[in-house]
1. Out of all the residues in the stretch 248-267, is one or more touching a residue at least 24 places away in the same chain (Cβ under 8 Å), outside any strand (DSSP E or B) and more than 27 Å from the chain's Cα centre (by Cα)?
2. Condition first: touching an Asp or Glu at 6+ places or on another chain (Cβ under 9 Å) and either assigned to a strand (DSSP E or B) or among the β-branched types (V, I, T) (or both). Now tell me which residues in the stretch 213-241 satisfy that.
3. Out of (1) of a type outside the set (F, W, Y); (2) buried (at least 22 other Cβ atoms within 10 Å of the Cβ); (3) in contact with a Phe, Trp or Tyr (Cβ under 9 Å, 6 or more places away or on another chain), what's the single condition that is false for Q449?
4. What is the residue count in the stretch 180-198 for residues that are part of a helix (DSSP H, G or I) and either among the aromatic types (F, W, Y) or under 18 Å from D12 (Cα atoms) (or both)?
5. Residues being closer than 14 Å to T129 by Cα and β-branched (V, I, T): count how many of those fall in the stretch 71-94.
6. Between residues in the stretch 185-198 that are without any contact (Cβ under 8 Å) to a residue 24 or more places away in the chain and residues that are crowded, with 17+ Cβ neighbours inside 10 Å, which pairs lie under 7 Å by C-beta distance while being six or more apart or on different chains?
7. Looking at the stretch 454-474, which of the residues that are among the small types (G, A, S) and touching a Lys or Arg at 6+ places or on another chain (Cβ under 9 Å) is surrounded by the most Cβ atoms within 10 Å (Cβ to Cβ)?
8. Would you point out the residue of the stretch 199-216, among those that are in contact (Cβ under 8 Å) with a residue 40 or more places away in the chain and of a type in the set (V, I, T), that is surrounded by the most Cβ atoms within 10 Å (Cβ to Cβ)?
Amino acid sequence: MGGFFGIASKQDCMLDVFFGVDYHSHLGTRRAGMAAWDPEIGLQRKIHNICNAPFRTKFEHIFEEMRGTSAIGCISDSDPQPLLIRSNLGTYAICMTGVINNADALIDQYLSFSGGHFDSMTGGRINQTELLSALINQKSNFAEGIAFAQKSIEGTASILILTQEGSMIAARDLKGRLPVAIGKKEDGYAAAFESFAYHKLGFEDVRELGPGEVVELTADKMTQLVPPRKEKKICSFLWSYYGYPTSTYEGVNVEEMRYRNGAILAENDQAAGRDDPIDYVGGVPDSGTPHAIGYANRSGRPFARAFIKYTPTWSRSFMPASQQDRDKIAKMKQIPVNALIRDKNLLFVDDSIVRGTQLRETVEFLYESGAKSVHMRSACPPIMYACKFLNFSRSNSDMELIARRVIVELEGDEGLKHIDEYADGTTERGKSLRRNICEKFNFASLEFQSLEGVIKAIGLDPEELCTYCWNAKE
């Protein structure tokens, strides 16, 4: 995924931007960067790899290296950024969140007429932020350039730019799949993916940008450069998985949505007549926990944390580069509370079931710790399609998704004509999907949230939500 944060201020803002970027660390694990503008020095930039160390430790000396009254920063799960670009629009720093799916075609098109070049990475791949800037630079100003770039891109691009004059330009992607929030206090403006990041720094909400909207921010004012579009398709997974509990998108708080979602899961089980003997309800940490609290509160079953994640040294299990190392660390982090596991019937709620690799090991760990049975609930419907727009559930093939894989095992390609039935737990195909996943992972039972349940828990108009990974509707 990734996220960005920036401030345009009347005074040095490096410390505030340091904290603001750090508050986006839950959104990515590969690289981080900061860029600053100072009236005397001009633009400066630093990028660090954060695969094996958190943002704050890599950037703790940034105050000795950079200063500025305006600054931006990002957490990136993809390419190094922000980049410093010198072009017909001047020199500027730029970062983005999203993905460009038609990069090869755009690169070929650009090279065919420009006579220019790109800095190529290993394997010939191009930094997508550099490609984005090449598109923007084809126009005579930032407003036109950003609009042109976003219309050219197949995918998603929210953008934050720091100009050579010290102003910030913030742009939300065309469909509004990702949030961009604007805050204000006496000496400046802030732009962020996560609005709570600037709340902690004393900024108050101005508003969230609309789809495709572009604004310029200085210490004194916000100027709209491109008005918002009407159509919105914000990512539903922001509430189910990616969003930090304190985050609010489109007026809907993440933690509250997860409580509602878990409660709806419990109601679904009650309506289906399920009466499994459950001693404790728990969440697969971290984002599964609030869903589980909602389930426990509605079902009347006691909530308990049967195992705890040990995070002081390895805060996120997906930080190492290799899957083998990630799986090993995930297992090492799980510390059992034996009194809450041994001879107990446990029901766990996870935020989603994508590939299932780590979940299988979690269930094995619970049985090894003496659990009598392990029931599983997914706070999302079965994921049937790899995301085309963000980095969630992105893969080389849809067949990496456990639900897709089981469907093909059951019926071959014919089964893919009946995905809607497999997603529905009340149909024979839906029951077969759940039964087979139970056998693979040794679940005592399994159920998924319905698409209607997720939408109800979010509480927005369904037409404003992207649900592509569940039903291929953008």
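1. The answer is yes; a qualifying residue exists.
2. Result: T218, M222, T223, Q224, L225, V226, I234.
3. Only one criterion in (1) of a type outside the set (F, W, Y); (2) buried (at least 22 other Cβ atoms within 10 Å of the Cβ); (3) in contact with a Phe, Trp or Tyr (Cβ under 9 Å, 6 or more places away or on another chain) is unmet by Q449, namely (3).
4. Total meeting the criteria: 3.
5. Residues meeting the conditions: 3.
6. Pairs found: K185/F203.
7. Residue satisfying both the conditions and the ranking: A457.
8. Only one residue fits best here, namely V214.
Quick note: the coordinates plus some simple rules give every number you see, no bench work behind them. Just so you know, these numbers come straight off a predicted model, no measurement behind them. Heads up, the Cβs are rebuilt from the backbone with ideal geometry, glycines too, and the neighbour counts pull from every protein chain shown.
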